[in-house]
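Step one of this worksheet: look at the structure below.
The values are calculated or read from the model by the stated rules, or taken from the named source; none is laboratory data. Just so it is clear, the model here is predicted, and its values are computed rather than measured. Cβ: placed from backbone, ideal geometry, glycine included. Neighbour counts: every protein chain shown. We work out accessible area using only protein heavy atoms, side chains counted, and drop any ligands, DNA or RNA first. Shrake-Rupley method; radii C 1.70, N 1.55, O 1.52, S 1.80 Å.
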Amino acid sequence: MVANIASIGLWGIEGYRVECECDLSGGLPTFEVVGLPDAAVKESRDRVRAAIRNSGFEFPMRRITVNLAPADMRKEGPIYDLPILLSILRSSGRLEALPEGACFVGELSLSGELRPVTGALPMAMAAAEAGMKRIYLPRENAPEAAYAENIEVYGIDKVSTLIEHINNGRELRPEEPREAGERSKHLPDFADVKGQLTARRAVEIAAAGRHNIVMIGPPGAGKSMIAARIPSIMPELTREEALECTKIHSVAGLTGHSSPLITVPPFRAPHHTVSSVGLSGGGTVPRPGEVARAHTGILVLAELPEYKNEALEILRQPLENGSITISRAAGSCSYPCSFMLVCAMNPCKCGWYGHPTHPCTCREDARKQYISRISGPLLDRIDMHIVVPAVKYNDLNNKRPSESSKSIKMRVVEARKRAEERGFSSNAAMHASDIRKYCVLDQAGSTILEAAFERLGMTARGHDRILKVARTIADLAGSKDIQVNHVAEAIQYRCLDRENF
């Protein structure tokens, strides 16, 4: 008897149906798994054998062949342990007919308990798209998978429970999706930032339009402190954004039982020693890197010139297209990665260039060489370049509290709503045709932008990014039209276009 058990495989964040077929035949006892399995799938033979015995069943001493179809797709990980076990029991006559439209996913322990796997949400969503009516998976993965629509999710703690459900009709309740908890209240607050009014204003504009920004200033000026507080002023993710973001984090193994759905924009801050593969992602079956994990959120690169050049240049395609494609011998995989890039850097190697009291020890050519580590094409994709000066003592000693993240967030949310009314998630998402439609300047605004364009030697991309920032400034001011002061302020946030900043 050939048994057929439905399961789900993953390629990137997209799932596909896998049929787990099992055949028992005469001959010397063997246990083979075919269908392009990786090492983890091949090792399932030992886990399944022990799990069957420790669940109270006799392992069939026959020639066992398990095929994972389609055979031309590489199968990776321990997620097929449970369907392999069920196919063997079904083929040997120890398992009754399975529930209609059911699929199974899970890693087994030697005792027959189910261990959590990665990618629960995308697998559940893929099962629903494949027409499956229910999915059985480890109990710890059930809260996350329950956010998939049009499918019943059942969390199982051990094999014996599932067998009783199938053979004896033991009742199991489907998992209900939980209410997403509010986590933004635990984030660092802008009320802690002393002084730096210009930087605070620039960051507010960047958050409102989801514009990329780089902060240049001496050590201790508060660049990292400001960057760490940007998530506290970002709007909550929409349901579509939350599901897409959670799918990526689920595949990367970053979701947990206590926080199955990501509702606040992710905050990723890799160290400057990160490799190009660490940023872009990779592996035999490509896994998401830092740019994909920052999707819908913020990617912070502190000490920007210290990053390897090949790693930084990888950012150019994601910043332009909002997605990244990773090609390997096994195939190519695309991940969405629409994020807000926040960079911080010193103005020179010693860090003290422009400081009012601390002398800079760098030569002029060394300072320019340090800045030039950031390529022109990459800087051109960063909308805002701002100088963060050293904090004054009077600002540090000021007992009056600074404006809180809560009040800043209210303005950011209102500005985002104005962008959404025009059909965009944020102003940074506008294309060239949209810019011509929604970023129209009057004569005074055109004159000042033309002067800046000629004087600073801007590119067409830089020109468009100034218009996007000006549109965001106008939205924050509640203005339908872009005024000349909005354009002038947007131009001021391009300090690296100037020879001396």
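Annotation: amide H-H contacts under 5 Å for Glu152 (H modelled 1.01 Å from N, sequence separation of 5 or more, or interchain): Arg134, Ile135.
When the Cα positions of Met234, Ala208, Thr273 are compared along the charge dipole of segment 152-275, Thr273 comes out farthest toward the positive end, with charges on each C-beta of Lys, Arg, Asp and Glu.
Over all orientations, segment 193-288 has a Cα convex hull whose mean projected area works out to 8.2 square nanometres. The dipole here belongs to the chain: it is taken about the Cα centre, uses +1 on the Cβ of Lys and Arg and -1 on the Cβ of Asp and Glu, and is about 1180 debye.
Summing +1 for each Lys or Arg and -1 for each Asp or Glu, what net charge is found among the other residues whose Cβ lies under 9 Å from the Cβ of Val285? Combined, the nearby Lys, Arg, Asp and Glu give +1. Spread over its residues, the convex hull of the C-alpha atoms of segment 68-171 is 106 Å³ per residue. Put +1 on the Cβ of every Lys and Arg and -1 on every Asp and Glu Cβ in the chain; which of Thr325, Val153, Ile298 then has its Cα farthest towards the positive end of the dipole? Projecting each Cα onto the dipole axis, the largest value belongs to Ile298. Per residue, the accessible area of segment 101-163 comes to 32 Å², computed with a 1.4 Å probe over protein heavy atoms only.
Only protein atoms count toward the accessible area here, which uses a 1.4 Å probe; on segment 260-395, the carbon and sulfur part of that area reaches 51 percent. Each Lys and Arg Cβ is given +1 and each Asp and Glu Cβ -1; about its Cα centre, segment 21-81 then shows a dipole of about 200 debye. Its Cα gyration tensor gives segment 35-91 an equivalent ellipsoid; the semi-axes, largest first and in whole Å, are 20, 12, 9. Per-residue surface analysis assigns Asp192 an accessible area of about 80 Å², computed on protein heavy atoms at 1.4 Å probe radius. Each Lys or Arg adds one and each Asp or Glu takes one away; over the other residues whose Cβ falls under 12 Å from the Cβ of Leu10, this sums to +3.
Sorting 164-171, 412-419 by their mean Cβ neighbour count within 10 Å, with the most densely packed peptide first, gives 412-419, 164-171. Projected label points at Asp157 and Glu454, each 7 Å from Cα along the beta carbon direction, are separated by 7.7 nanometres. With one equal scatterer per alpha carbon and no solvent term, the Debye-computed log10 I(q)/I(0) for segment 427-472 at 0.15, 0.16, 0.19 1/Å reads -0.35, -0.40, -0.56. Taken over segment 394-501, the convex hull of the Cα atoms encloses 131 Å³ per residue. Alpha-carbon geometry of segment 321-474: the Rg and the Dmax are 20.1, 60 Å, given in that order.
Taken along its principal axes, the alpha carbon cloud of segment 87-236 reaches lengths of 73, 32, 22 Å, longest axis first.
Normalised radius of gyration (Cα atoms, divided by 2.2 N^0.38 Å) for segment 346-420: 1.60. Our estimate of slack between Arg422 and Thr198, defined as 0.36 nm per intervening residue step minus the Cα-Cα distance, is 77.8 nm.
Between the alpha-carbon centres of segment 239-253 and segment 84-136 there is a gap of 22 Å. Each principal axis of the Cα cloud of the chain was evaluated for its coordinate range; sorted largest first, these ranges are 85, 47, 44 Å.
Evaluated with a Cβ-only charge set (Lys, Arg +1; Asp, Glu -1), segment 252-398 carries a dipole of roughly 200 debye about its Cα centre, given to the nearest 20.
For segment 1-46, the C-alpha radius of gyration divided by 2.2 N^0.38 Å, with N the number of residues, is 1.35. So, with a 1.4 angstrom probe, what is the percent of accessible area on segment 141-208 that is carbon and sulfur? Carbon-and-sulfur percentage of accessible area, whole number: 42. Any idea which of Gln196, Leu68, Leu172 is furthest toward the positive side of the dipole for the chain, if Lys and Arg beta-carbons carry +1 and Asp and Glu beta-carbons -1? About the Cα centre, the residue reaching furthest to the positive side is Gln196. Across all directions, the average flat footprint of the convex hull enclosing the Cα atoms of segment 217-373 is 10.9 nm².
Cross-linked pairs Lys247/Lys308; Lys223/Lys392; Lys223/Lys409; Lys223/Lys417: Cα-Cα separations exceed 26 Å for Lys247/Lys308; Lys223/Lys417. Could you estimate the translational diffusion coefficient of segment 73-119 from the Stokes-Einstein equation, with Rh from the Kirkwood formula over C-alpha pairs, at 10 °C and 1.306 mPa s, in whole µm²/s? Estimated via Stokes-Einstein, D reaches 135 µm²/s.
Heavy-atom accessible area for Glu152, with the other protein chains in place and a 1.4 Å probe, reaches approximately 70 Å². Considering only Cα atoms, the convex hull volume of segment 1-160 works out to 96 Å³ per residue.
What value, in deg cm²/dmol to 500, does the helix sum -39500 (n - 2.57) over DSSP H runs of n ≥ 4 give at 222 nm once divided by the residues of the chain?
-10000 deg cm²/dmol
Among 124-134, 82-92, 340-350, sorting by the average number of other beta carbon atoms lying within 10 angstrom of each residue, highest first, gives 82-92, 340-350, 124-134.
Taking the DSSP beta bridges with both ends in the chain, the antiparallel portion is around 45 percent.
Given q = 0.25 Å⁻¹, what are the Debye log10 I(q)/I(0) values for segment 261-316, with equal point scatterers placed on the Cα positions and solvent ignored? Log10 I(q)/I(0), no solvent term: -1.02.
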